[in-house]
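One structure is given here, and the rest of the page talks about it.
The numbers here are math on the coordinates, done by the rules we state, and not lab data. Note that this is a predicted model, so its numbers are computed, not measured. Note: ideal-geometry Cβ built from the backbone for every residue, glycine included; neighbour counts use all protein chains shown.
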Amino acid sequence: MILLGLKDQDYPGTKRIDDWPSWDLPILQWGKKQGAVVGFAHSGNGLIVQNTELPNYEIPSFDGIGANEFIVDVTHPNSIDFISAVDTPYPAEMNIWYHTLNVGFRTRISGRRIFPCVYDERVGIGRNYAKVTASSATQLGWRACARGAVMFRTERRT
């Protein structure tokens, strides 16, 4: 998961990461209560299928560290802001996103620059394009971009 802009870094009532909930919905909701922008990293892990058509109806294994719970979390209002893309195979990332779009959920998709974790050739392979509005230059920056990530497109740069 990605939790951007947390005010409190420690989940309530925990002393170690092992004490945190074993499913992500309470963590996403906790982040949202703090005003954080929350979503999934490595979204395609556990969602890979053989079919590359988009969308397709092959059921993935749901056994990785990716957006496996996204399909359930997205049904809870105001619990998730985005699903990441460009850091795992695109058919897996796009397929689950398309299916949720097709049933009416409008979660944003976000390009990621995950250097050097997944791709180590350079920074900026996945890019976001966001509409950011501000009344002064001092309001522009990372937080404004994270909050105003109205997705125009996500691309993989080579």
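For segment 22-35, give me the residue count where each residue is surrounded by fewer than 20 Cβ atoms within 10 Å (Cβ to Cβ) and either among the hydrophobic types (A, V, I, L, M, F, W, C) or part of a loop (DSSP other than H, G, I, E, B) (or both).
7
Which residues, taken from segment 69-96, are part of a helix (DSSP H, G or I), out of contact with any helix residue (DSSP H, G or I) (no Cβ under 8 Å at 6 or more places or on another chain) and more than 21 Å from residue 4 (Cα to Cα)?
Answer for segment 69-96, where residues must be part of a helix (DSSP H, G or I), out of contact with any helix residue (DSSP H, G or I) (no Cβ under 8 Å at 6 or more places or on another chain) and more than 21 Å from residue 4 (Cα to Cα): 90, 91, 92, 94, 95.
Right, residue 84: in contact with a Lys or Arg (Cβ under 6 Å, 6 or more places away or on another chain) and touching a residue at least 40 places away in the same chain (Cβ under 8 Å) or not?
Judged against the criteria, residue 84 is a match.
Can you find a residue in segment 97-104 that is of a type in the set (Phe, Trp, Tyr), part of a strand (DSSP E or B) and within 16 Å of the chain's Cα centre (by Cα)? I'd like the intermediate steps shown before the answer.
Quick first cut of segment 97-104, residues of a type in the set (Phe, Trp, Tyr) only: 97-98.
Filter once more, so that each one left must be part of a strand (DSSP E or B): none.
Scanning segment 97-104 turns up no residue that is of a type in the set (Phe, Trp, Tyr), part of a strand (DSSP E or B) and within 16 Å of the chain's Cα centre (by Cα).
Could you grab the pairs with beta carbons closer than 6 Å, sequence gap of 6+ or different chains, first residue in segment 18-40 and in contact (Cβ under 8 Å) with a residue 60 or more places away in the chain, second one of a type in the set (D, E, K, R) and in a loop (DSSP other than H, G, I, E, B)?
Correct list of pairs: 37/81; 39/81.
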